[in-house]
Ligand SMILES: [Zn+2]
Ligand SMILES: [Zn+2]
Ligand SMILES: [Zn+2]
């Protein structure tokens, strides 16, 4: 039995690829669809666990996602990689600094942290008069770590040629922007019950798994339930899910998971 504090609650804040769906300027069937599950903001997870509230990535749509889902505070952020759709919302976290009066811990690989320091240089410089910049405390990921009593397992994966990380927290794993999973990382995923991973579209792509590739990976990992995120406008929600097994399905923005 787990107490309610130990329950891991996830809200998938964004299930879309870097451009989002609808894609600006596009008039395709999915972009014009009235199904709310075809409206996909940029990839982001909000998690409540052991009394902490945290994010996996903080993309361009974060403020809108937080307002839509009642996210009231964030204690820390786990960063998978530094593409704009995954870190573009970091500046918006300063509202939580101001309202709740605490800094926000960022966890990322040394490569990602170097990139964040460059792209958000103003956040690491002396504060300007009047403040108005986020207050971050940065932590390098070098293997397993623990945050506020929560053990976190980084899972190394490839995004094209770029090494990035996914995260396993208990029996939950989030692996976005994946094109290849090394053997050693499959070993880190044994026993995962809920897997969230990425499936861009039907056609192959150099830096993302296609739907067929993602289904193969999901089968191999063998979670009780797998959800796909980071979809582009090629995939209609209902039509695609009808062709997938019931335990391997496309996610949608606002989907809540509990384990
Ligand atoms: Zn992405
Ligand atoms: Zn479109
Ligand atoms: Zn990416």
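Calculated on the Cα set of the range 18-99, radius of gyration then Dmax: 14.0, 44 Å. Between residue 256 and residue 121, the modelled label-to-label distance comes to 4.4 nm, taking each label 7 Å out from Cα in the direction of the beta carbon.
Of the residues 248, 12, the one with the fewest other Cβ atoms within 10 Å heads the list, and the complete ranking is 248, 12. Measuring how big the range 137-180 is from its alpha-carbon positions, Rg and Dmax come out at 11.3, 33 Å. Spin-label model, residue 212 to residue 27: label points 7 Å out along the Cα-to-beta-carbon direction sit 3.2 nm apart.
Inter-part distance, the range 99-113 to the range 197-248, computed on C-alpha centroids, equals 30 Å. For the chain, the Cα-based Rg and Dmax, in that order, read 17.6, 56 Å. Enter the angle in degrees (range 0 to 90, nearest 10) between the Cα long axis of helix 110-119 and the first principal axis of the Cα atoms of the chain, meaning the one along which they spread out most. Once rounded, one gets 70 degrees. The long axis of helix 211-221 is offset from the longest Cα principal axis of the chain by roughly 80 degrees. Look at 240, 17 and count the other Cβ atoms within 10 Å of each Cβ; fewest to most, that gives 240, 17.
Can you give the translational diffusion coefficient of the range 119-259 in µm²/s, computed by Stokes-Einstein from the Kirkwood radius over Cα pairs at 4 °C and 1.567 mPa s?
Values: Rh = 16.8 Å.
Rounded, D is 77 µm²/s.
Counting other Cβ atoms within 10 Å as a rough exposure proxy, the listed residues 227, 122 run 122, 227 from fewest neighbours to most.
Can you check how the C-alpha radius of gyration of the range 77-144 compares to 2.2 N^0.38 Å, as a plain ratio?
Working: Rg = 11.9 Å, N = 68, 2.2 N^0.38 = 10.9 Å.
The range 77-144 yields a ratio of 1.09.
No value in this document is a laboratory result; all are computed from the given coordinates. Since the model is a prediction, treat every value here as computed from it, not as a measurement. Neighbour counts run over all protein chains shown; Cβ positions are idealised from the backbone, glycine included.
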